[in-house]
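Here the structure is laid out as structure tokens; the discussion comes afterwards.
The values are calculated or read from the model by the stated rules, or taken from the named source; none is laboratory data. Just so you know, these numbers come straight off a predicted model, no measurement behind them. When we count neighbours, we look across all protein chains shown, and the Cβ atoms used for this are built from the backbone with ideal geometry, even at glycine. Protein only, heavy atoms only, side chains kept; ligands, DNA and RNA dropped before computing areas. Shrake-Rupley method; radii C 1.70, N 1.55, O 1.52, S 1.80 Å.
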Amino acid sequence: MSDGRALARAFLEQQRLLGGDAVILSDSRPLLPDSRTVGQSERGPSHPSPTVRQSDRPTPLPPPGLSFDPPGGDLFATDPVAQARSLAAIAELVASCVKCRLCEGRAHTVPGEGPADARLVVVGEGPGRVEDETGRPFVGPAGELLTKILAAIELPRERVFICNIVKCRPPENRQPQYDEIAACVPYLFRQIELIKPQVILAMGGTAAQTLLNTKQALGALRNHVHRFRGIPVVVTYHPAALLRNPNWKKPTWDDVRIARRLIA
Ligand code: SF4
């Protein structure tokens, strides 16, 4: 298969997963992203290969946005979170944490999962019911969608560190409150400090506002490359919101492509 056709196949598969637009081929016929047209093999070797006009263009980077640089731990810190030397050590601290009222209703803490050398860190809001039951982040329908989104940018879920702003489930899936976020966020900040990712993908308003220390709405925070301690932060919708509003799939796809471009 030629490079062009391989590109077309990959792009159309991504579009099928994420609900994107049709692609215009060189013969000016729109090709809808379904699996039959992706294959192309029935057209035979003599048929001209499709030229994708939109898909293989690099996504332009949006302008710089906010920058948040909270103080980290130092050599003389006595706080055990600042002293934690590994993700496992942080998970242990989280497992016994009672710093906020969210400890009262949890079945499991959900510290996050993924490799310590992940190039991408995905941050959501907080664990839901299935996450609380399993102790794992982003499982259930929203998690499945996140897995597909990551696969579409050729980053298998296993190579990404996935976590939330708060590590225990808020009752009835309500938004975490300010004091709960303030109590929990040192765990996340230390996780990021240890991983040193190339990019952070903030999914949803709570993740974006916390990482950027702002009250700006998610819509205003999208389409910028922000910085958290110098690390680029791309803001997009939470997968659970995409399940409620499929119209946000296309903008989410645009956002994750920007995040992908920032990863070496
Ligand atoms: S949400 Fe965070 S701060 Fe609150 S009890 Fe759980 S781990 Fe501790």
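Couple of notes before you dig in:
- Meets criteria (within 13 Å of the ligand (Cβ to nearest atom), in a loop (DSSP other than H, G, I, E, B) and under 22 Å from the mean Cα position of the chain (by Cα)) for residue 60: no
- Of residues in region 91-100 being within 11 Å of the ligand (Cβ to nearest atom) and free of Cβ contacts under 8 Å to residues at least 60 places away in the same chain, the one least open to solvent (accessible area, probe 1.4 Å): 91
- Selected residue [crowded, with 21+ Cβ neighbours inside 10 Å and in a loop (DSSP other than H, G, I, E, B)] from 168, 184: 168
- Within region 101-117, tally of residues that are within 11 Å of the ligand (Cβ to nearest atom) and surrounded by fewer than 19 Cβ atoms within 10 Å (Cβ to Cβ): 6
- Where a residue in region 112-126 is at pLDDT 95 or above and its partner, wherever it lies, is open to solvent by 30 Å² or more (accessible area, probe 1.4 Å) and among the acidic types (Asp, Glu), with Cβ under 9 Å and at least six apart: 114/158; 115/158
- Residues of region 118-138 that are away from the ligand (no atom under 11 Å from the Cβ), assigned to a loop (DSSP other than H, G, I, E, B) and farther than 18 Å from residue 199 by Cα: 128, 135, 136, 137, 138.
- Summed over region 151-185, the residues that are farther than 19 Å from residue 196 by Cα and away from the ligand (no atom under 16 Å from the Cβ) give a count of 4.
- In summary, helices (runs of 4 or more DSSP H) completely within region 192-264 and bearing 1 or more residues that are without any contact (Cβ under 8 Å) to a residue 60 or more places away in the chain, over 26 Å from residue 88 (Cβ atoms) and of a type in the set (Lys, Arg) occur at 239-244.
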